[in-house]
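Okay, so here's the structure we're looking at.
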Amino acid sequence: MNNELKHLAIIMDGNGRWAKEKGLARTKGHERGAEVIRDITEYCSNHPSIQTLTLYAFSTENWKRPKLEVDFLMRLLDKYLANELETYHKHNVRFETIGDISKFSASLQKRIELTKEATKNHTNIAQILALNYGSRDEITRAVNKVLEANLAITEENISKMLDTPYSDIDLLIRTSGEQRLSNFLLWQASYSEFYFTATYWPDFTPHELDDIIAKFYDRDRTFGGLS
Ligand code: FPP
């Protein structure tokens, strides 16, 4: 099959279970998870056709976690972005976000905006972090924007008002063995291929990603037509 992989999306799951099985605090799983993001971003930046990597980093439902864990994730994100600027420059990666970041602290919002600004002219790939993201929330906000602009409610207009310029997902991977979408990219994943791996996110490697992509190339994508 001649599948082209332009947009890869990943639900990074299993940090907590990874840590628990090792007798470590959950936060250790998140720390290791952040390192894996770097490896996977590097892999994608060297891939011949990937243009966009979208990663589910914090959902609208993640606020329900204990405050200590939420605070840790916020600090980790801040640290990650500060450290990663070098990687973004080195691999010509543009940093973008989807989701409503207005609920984050002013300093974290500033870090996010600075990172976007510093990388906005990078053209190799876009790394999009989904932050305080929920797909229903994104679609609802998009429909409201269409109404405010006095436009007709059409697929095209809704797509245009989503958080980033619309791009169909080609392959969506979820780690840790769970097989759900969890309110991630419902609109954009309409024709995506799905792949579920039992590997916890902190153990996920570019090598496994490479194997999954090889399987993606073998799939028969018909987009509702005939093969
Ligand atoms: C799922 O693990 C992971 C998340 C809460 C989101 C992903 C977060 C990271 C990879 C941490 C670092 C991210 C950034 C951007 C710095 P879980 O806690 O739900 O695992 P469990 O299901 O095993 O409890």
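The values are calculated or read from the model by the stated rules, or taken from the named source; none is laboratory data. The shown structure was predicted, so the numbers you read here are calculated from the model rather than taken from an experiment. Here the Cβ is made from the backbone with ideal geometry for all residues, glycine too, and neighbour counts use every protein chain on show. To get the accessible areas, we keep the full protein, side chains included, count just its heavy atoms, and leave off ligands, DNA and RNA. Shrake-Rupley method; radii C 1.70, N 1.55, O 1.52, S 1.80 Å.
So how strong a dipole does segment 21-67 carry about its Cα centre when Lys and Arg Cβ are +1 and Asp and Glu Cβ are -1, to the nearest 20 debye?
360 debye
Centre-to-centre, using Cα atoms only, segment 195-227 and segment 129-152 are separated by 29 Å. Accessible surface of segment 180-227, 1.4 Å probe: 53 percent of it comes from carbon and sulfur atoms.
Ranking of Arg174, Arg75, Arg94 by solvent-accessible surface, largest first: Arg75, Arg94, Arg174 (1.4 Å probe, protein heavy atoms only, all chains present). In order along segment 19-32, the Karplus-derived 3J(HN,Hα) couplings, from 6.51 cos²θ - 1.76 cosθ + 1.60 at θ = phi - 60°, round to 5, 4, 5, 9, x, 9, 5, 4, 4, 5, x, 5, 4, 5 Hz, and Gly and Pro are given as x. Per residue, the accessible area of segment 65-144 comes to 50 Å², computed with a 1.4 Å probe over protein heavy atoms only.
Over the chain, what relative contact order in percent results from Cα pairs under 8 Å that are six or more residues apart?
29 percent
Taking each of Lys20/Lys64; Lys28/Lys120; Lys67/Lys120; Lys28/Lys110; Lys67/Lys103; Lys64/Lys145 in turn, the alpha-carbon distance tops 22 angstrom for Lys28/Lys120; Lys67/Lys120; Lys28/Lys110; Lys64/Lys145. In this structure Glu148 has an accessible area near 150 Å², from a 1.4 Å probe over the protein heavy atoms. Count Lys and Arg as plus one, Asp and Glu as minus one, and take only other residues whose Cβ is under 15 Å from that of Leu76; the net charge is then +3.
So what's the back-of-envelope 222 nm ellipticity for the chain, counting only DSSP H runs of four-plus at -39500 (n - 2.57) apiece and dividing by all residues, rounded to 500? Computed ellipticity for the chain at 222 nm equals -14000 deg cm²/dmol. Run the accessible area of segment 1-125 with a 1.4 Å probe and give the carbon-and-sulfur part as a rounded percent. Ligands and nucleic acids excluded, carbon and sulfur give 50 percent.
Converting the Cα gyration tensor eigenvalues of the chain into ellipsoid dimensions via √(5λ) gives semi-axes, longest first, of 26, 23, 18 Å. Across segment 102-227, how large is the tail of the calculated P(r) beyond 26 Å, expressed as a percent of all Cα pairs? The share of Cα pairs beyond 26 Å in segment 102-227 comes to 38 percent.
Once Rg and the Kirkwood radius are both taken over the C-alpha atoms of segment 21-79, their ratio Rg/Rh works out to 1.05. Relative contact order for segment 38-172: 30 percent, from Cα pairs under 8 Å spaced at least 6 residues apart, divided by residue count. Positive end of the dipole of the chain (Cβ unit charges, origin at the Cα centre): among Thr87, Gly29, Ser49, the Cα lying farthest that way belongs to Gly29. Assuming charge only on the beta carbon of Lys and Arg (+1) and of Asp and Glu (-1), the dipole of the chain about its Cα centre is about 720 debye to the nearest 20.
Each residue of segment 93-100 was assigned a 3J(HN,Hα) from its phi angle through the Karplus expression (A = 6.51, B = -1.76, C = 1.60, θ = phi - 60°), giving 9, 8, 8, 9, 9, 10, x, 9 Hz with x at Gly and Pro.
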